[in-house]
Amino acid sequence: MNEKFAQPSALSSGCTPTLKKRMRLLVTLGMTSGALMAGTLAASAPASASTYLGGVDMQRACDVQYPGYGLRAVVQNQYNAYSWKCVSPWGYTAGIDVNRECVTQYGPGAYAGLWNKYNPYTWFCQR
């Protein structure tokens, strides 16, 4: 037999011994990483969803956060949810702490959420 050719066993399978080792290594690595990924995904904690509690009473927020001032809740920009202010007839203006109002309305652990920052009427409270 001519020495330029590979051994008959390697020719019959279509792979050289080195190529077979590399393929086995790749398959093993693939199976190991797949098992690790599956274990990681299975062990991950599920995402916790917040609970919708209800809307925010902005006028109540003005009354509670600035008692005795007689302030009115006013939207100063119809396209900005953050533009709610407590306003007096004599020109005094104060901001509203929406998170604080959620706690006032719904109790400890409540916090503010916003569906659309361009719409001042989309504030809500959640827990």
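Read-outs: derived from the displayed coordinates by stated rules, not from any lab. What you see is a predicted model, and the numbers here were worked out from it, not measured in a lab. Please note: Cβ atoms are built from the backbone with ideal geometry, for glycine as well, and neighbour counts cover all protein chains shown.
Restricting to the stretch 88-122, name every residue that is crowded, with 17+ Cβ neighbours inside 10 Å and within 14 Å of GLN59 (Cβ to Cβ).
Result: ILE96, VAL98, GLU101, THR104, GLN105, PRO120.
Quick check, is CYS125 crowded, with 16+ Cβ neighbours inside 10 Å, within 22 Å of the chain's Cα centre (by Cα) and assigned to a strand (DSSP E or B)?
Numbers: crowded, with 16+ Cβ neighbours inside 10 Å: yes; within 22 Å of the chain's Cα centre (by Cα): yes; assigned to a strand (DSSP E or B): yes.
So CYS125 fits the description; yes.
What is the residue count in the stretch 77-120 for residues that are without any contact (Cβ under 8 Å) to a residue 12 or more places away in the chain and among the hydroxyl-bearing types (Ser, Thr, Tyr)?
Kept after step one, since they are without any contact (Cβ under 8 Å) to a residue 12 or more places away in the chain, are these residues of the stretch 77-120: 90-91, 93, 95, 103, 107-108, 115.
Next, from what is left, pick out any that are among the hydroxyl-bearing types (Ser, Thr, Tyr): 93.
Residues in the stretch 77-120 being without any contact (Cβ under 8 Å) to a residue 12 or more places away in the chain and among the hydroxyl-bearing types (Ser, Thr, Tyr): 1 in total.
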